[in-house]
Amino acid sequence: MDEAVREAIVRRMSEEPFANKLGIRLVAIEAGYSKVRMEVTSEMENLCGMAHGGAVFALADAAFETASNSHGTVAVALSMTITYLAASSAGAVLVAEATEVNRTRKTACYDIRVHDGDEKLIAMCQATVYRKETPLPYLGV
């Protein structure tokens, strides 16, 4: 992975307002791969006291976003399909890993898995991006 791209994505993720609001942190990034984490807080609970599906989805989306943009050009989501497999609650630390499965000049597909601290699978997601030929705007190119 290009080091300038890595540094730009790490910097940009640390500044992203939505990620900061949810406490999402970038743990690792490589070309076509990303790992992010988030601690579930009581503000993220649903009506039944479990982690809200929207919070879990946001974590998966952050992994998708960083993995798909790791090649240094803008990638925008075309679709995301998530399947929730288990519940988690406040205090749980969730980790999402996005792995590139296929990449062409115009599209790319990703497998995203969300686990808790005990490695229990919380959710699985399949996602597709459209790959623009535009360099990431925050690269300073």
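The values are calculated or read from the model by the stated rules, or taken from the named source; none is laboratory data. Note that the structure is predicted; figures quoted are calculated from it, not measured. With ideal geometry, Cβ positions are generated from the backbone for all residues, glycine too; neighbour counts draw on all protein chains shown.
In summary, VAL56 fulfils each of the numbered conditions (1) under 29 Å from GLY140 (Cα atoms); (2) touching a residue at least 60 places away in the same chain (Cβ under 8 Å) with the single exception of condition (1). Scanning segment 24-53 for residues that are loosely packed, with under 13 Cβ neighbours inside 10 Å and either touching a Ser or Thr at 6+ places or on another chain (Cβ under 6 Å) or assigned to a loop (DSSP other than H, G, I, E, B) (or both) gives LEU47, CYS48, GLY49.
Does segment 114-130 contain any residue that is closer than 20 Å to ALA8 by Cβ, more than 17 Å from the chain's Cα centre (by Cα) and of a type in the set (D, E, K, R)? The answer is no; no qualifying residue exists. Cβ-Cβ distances below 8 Å connect no pair with a first residue in segment 71-82 that is closer than 13 Å to ILE112 by Cα, a second residue that is at pLDDT below 95 and buried (at least 16 other Cβ atoms within 10 Å of the Cβ), and a separation of six or more residues or different chains.
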